[in-house]
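Participant: Got a structure here, written out as structure tokens. Questions coming.
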Amino acid sequence: MNHKDSAPSIQHSARQVAIEVITNILLQQGSLSTQLARHQADVASEHIPLLKELCFGVCRQYPKLNSIALHLLAHPFEEKDTDLYATLLLGLYQLSYMNTPDHAAVNETVEACRLLKKDWATKLMNAVLRRFQREADDIIASLESTPSVEYNQPKWLLKRYIKHWPEQFEAIVDASNTHPPMCIRINESQVSRETYQEQLNELGIKSYPGDFSTSALYLKNAVRVGELPSFEEGFVSVQDEAAQLSAHILNPKPGEKILDACAAPGGKTGHLLEKGNGIDLTAVELEPWRMEKIESNIERLGFNANLICADAGATDSWWDGEQFDKVLLDVPCSATGVIRRNPDIKINRKPADIDQLVLIQREILSKVWGTLKSGGYLLYATCSLMPEENERQIQHFLEHQTDAKEVAMNTLAPEFALEWGIPVSHGRQLFPTIEGHDGFYYCLLKKS
Ligand SMILES: C[S@@+](CC[C@H](N)C(=O)[O-])C[C@H]1O[C@@H](n2cnc3c(N)ncnc32)[C@H](O)[C@@H]1O
């Protein structure tokens with residue numbers, strides 16, 4: 001039996017909401033995660049997985065779908081018809097990647113034009129999708145001679161991967177194009193990783209330990225957090241393995257005064273508090289709505305911290321002058337190491353964003369450095385694969401900050417094996433891996 005014929009067709013409500021989400025992303029009106037957070041209540045809860053699959057899927061496959069769509073259209077849609085373009089991308093995604101029967105995918109896409117009150121586009125949409133049905137193999141084969149289509153990456157980003165990481169770029173691209181695994185962090189102050197893994201096993205939830213973070217467990221299949229034993233009691237959190245390394249590197253000790261600058265949603269804040277039970281932690285975050293996430297995260301874990309909503313770089317506005325023993329500086333970045341979790345980056349990130357981010361990071365780093373005491377440590381972190389934001393940013397900092405020096409990543413935790421990522425001119429770079437950690441960058445600095 002043809003597998004496609006047995007699959008259910010898509011609910012209109014999930015599709016209509018997906019059109020709105022993708023339209024807004026195409027019009028640069030917010031990220032996929034903020035759009036989904038805002039709109040997922042518009043569909044019945046049983047349709048949320050479908051909504052996510054459509055939205056994540058279109059973003060993940062965007063370079064390919066976009067080139068197919070432009071190839072099929074004699075004239076691109078005008079900006080006021082971006083909703084029709086989103087509809088077409090969704091139709092092409094269904095035809096190429098989902099089990100919806102083809103005739104249902106075409107009919108529903110055409111019907112979506114009517115629901116948008118753009119009946120004039122129904123004929124065009126029908127013709128374009130039917131042509132794709134007939135000629136898909138030839139069209140895809142011809143378009144895939146272009147590397148950005150073959151590798152399914154924006155042109156500018158692929159160029160940079162090839163330039164900066166000629167040996168790793170294929171693996172980077174493969175990992176960036178796949179669905180990421182669900183990784184959890186075990187609260188080792190409550191339960192060992194082995195014991196928790198056994199508890200998962202008893203529930204039929206298969207997992208495997210992370211190679212680099214002693215607190216990391218990967219789930220073979222993602223589950224809802226409510227299914228994780230003792231989640232509400234704070235025994236476990238969802239956090240990528242590479243992100244977990246920050247607390248292992250900083251190795252917080254009770255009594256230390258620690259700053260977590262750029263802290264939301266508080267994944268690393270929670271880990272620092274778990275590891276250094278009894279630390280005096282200050283978390284600074286710019287966005288009030290993201291600050292709320294830190295609050296709820298650390299409340300679930302049962303900790304307190306000094307939470308400040310401010311620009312971390314504007315130290316005059318929030319800092320009381322008492323210096324910190326350790327600082328975690330997880331700066332805003334291009335997020336090129338976590339594209340598989342934020343695939344809308346393929347649509348919206350532009351080369352100029354990187355230049356701007358480099359300046360923002362430079363400013364925050366130089367200002368926050370002043371809050372660190374002599375002999376203190378600052379861990380600079382990004383989830384970026386761009387050397388400008390990472391090793392070159394640190395190079396620039398070290399050239400201008402004479403009281404800063406780079407130290408080995410296991411200075412504060414000598415037992416912590418440095419087997420993760422690769423050493424670069426300053427710090428270590430991790431690349432995203434299929435079924436493993438995200439792309440990340442770390443550099444540990446000491447103030448003399
Ligand atoms: C990479 S995320 C941090 C992730 C976080 N450390 C965690 O592990 O959950 C960067 C955060 O910095 C915040 N941010 C951006 N600019 C900032 C600034 N000037 N001061 C403080 N926070 C800032 C962003 O809103 C975002 O929440």
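The values are calculated or read from the model by the stated rules, or taken from the named source; none is laboratory data. Keep in mind it's a predicted model, so treat the numbers as computed, not measured. Heads up, the Cβs are rebuilt from the backbone with ideal geometry, glycines too, and the neighbour counts pull from every protein chain shown. We work out accessible area using only protein heavy atoms, side chains counted, and drop any ligands, DNA or RNA first. Shrake-Rupley method; radii C 1.70, N 1.55, O 1.52, S 1.80 Å.
Participant: Taking only protein heavy atoms into account and a 1.4 Å probe, give the accessible area per residue of the chain in Å².
Facilitator: Heavy-atom SASA per residue in the chain reads 43 Å².
Participant: Report Val236's accessible area, 1.4 Å probe, all protein chains in place, as a number in Å² to the nearest 10.
Facilitator: 0
Participant: Keeping all protein chains in the complex and leaving out DNA, RNA and ligands, what accessible area do you get for Tyr151 with a 1.4 Å probe, in Å² to the nearest 10?
Facilitator: 40
Participant: Quickly work out the Ser192-to-Ala408 label distance, labels modelled 7 Å from Cα along the C-beta direction, and quote it in nm with one decimal.
Facilitator: It works out to 2.8 nm between the two label points.
Participant: Give me the one-decimal nm value for the distance between modelled label points at Asp316 and Thr178, 7 Å along each residue's Cα-to-Cβ direction.
Facilitator: 5.1
Participant: Amide H neighbours of Met98 under 5 Å, at least 5 residues apart or on other chains, H built in the peptide plane: list them.
Facilitator: Excluding prolines and chain starts, which carry no amide H, there are no hits.
Participant: Given the Cα-Cα distance of Ser13 and Ile434 and 0.36 nm per residue of separation, how much length would full extension add, in nm?
Facilitator: Stretched fully, the Ser13-Ile434 segment lengthens by 148.3 nm.
Participant: Still on this model: Please report the carbon-and-sulfur percent of the accessible area for the chain; probe 1.4 Å, protein heavy atoms only, DNA, RNA and ligands left out.
Facilitator: Result for the chain: 50 percent of the exposed heavy-atom area is carbon or sulfur.
Participant: To the nearest 10 Å², what's Glu399's accessible area with a 1.4 Å probe?
Facilitator: Glu399 exposes around 120 Å² with every protein chain in place.
Participant: Another question, if that's okay. If I stretch the segment between Val424 and Ala222 completely, what's the gain in nm (0.36 nm per residue apart, minus their alpha carbon distance), one decimal?
Facilitator: 69.4 nm
Participant: Using only the alpha-carbon atoms, how far is helix 155-164 inclined from the longest principal axis of the chain? Give it as 0 to 90 degrees, nearest 10.
Facilitator: 40
Participant: Starting from the Cα of Lys118, draw a straight line to each of the lysines and keep only those under 21 Å, dropping any in the same chain fewer than 8 residues away.
Facilitator: Lys80
Participant: Could you give the length gained on full extension between Val238 and Arg300, defined as 0.36 nm per residue of separation minus the Cα-Cα distance, in nm?
Facilitator: Going from the current span to full extension adds 21.1 nm.
Participant: Find the centroid of the Cα atoms in the stretch 248-313 and in the stretch 373-448, then give the distance between the two in whole Å.
Facilitator: 20
Participant: Let me ask something additional. Would you mind computing, in nm to one decimal, how far apart the modelled labels at Lys159 and Leu70 are, each placed 7 Å from Cα along Cα→Cβ?
Facilitator: 1.4
Participant: Hey, if you put +1 on the Cβ of every Lys and Arg and -1 on every Asp and Glu Cβ in the chain, which of Leu157, Pro254, Trp319 ends up farthest toward the positive end of that dipole?
Facilitator: Among Leu157, Pro254, Trp319, the one farthest towards the positive end of the dipole of the chain is Leu157.
Participant: By the scheme Lys and Arg +1, Asp and Glu -1, what is the net charge of all other residues having a beta-carbon under 10 Å from that of Lys447?
Facilitator: It works out to a net charge of +2.
Participant: Here is a further query. Between Asn277 and Thr214, what FRET efficiency comes out of the Förster formula 1/(1 + (r/R0)^6) with R0 = 22 Å and r the beta carbon distance, rounded to 0.05?
Facilitator: Once the sixth-power term is evaluated, E becomes 0.85.
Participant: Roughly speaking, what is the centre-to-centre gap between the stretch 167-218 and the stretch 8-57 when only Cα atoms are used, to the nearest Å?
Facilitator: The stretch 167-218 and the stretch 8-57 have Cα centres spaced 28 Å from each other.
Participant: Still on this structure, please answer the following. On a 0 to 90° scale, report how tilted helix 351-369 is relative to the longest principal axis of the chain, with both axes built from alpha carbons and the result rounded to the nearest 10.
Facilitator: 20
Participant: Can you tell me the orientation of helix 82-97 relative to the chain, as the angle in degrees between its alpha-carbon axis and the longest Cα principal axis, to the nearest 10?
Facilitator: For 82-97 against the chain, the angle is about 90 degrees.
Participant: Can you compute the charge dipole magnitude of the chain about its Cα centre, using +1 on each Lys and Arg Cβ and -1 on each Asp and Glu Cβ, nothing else charged? Give it in debye, rounded to the nearest 20.
Facilitator: 820
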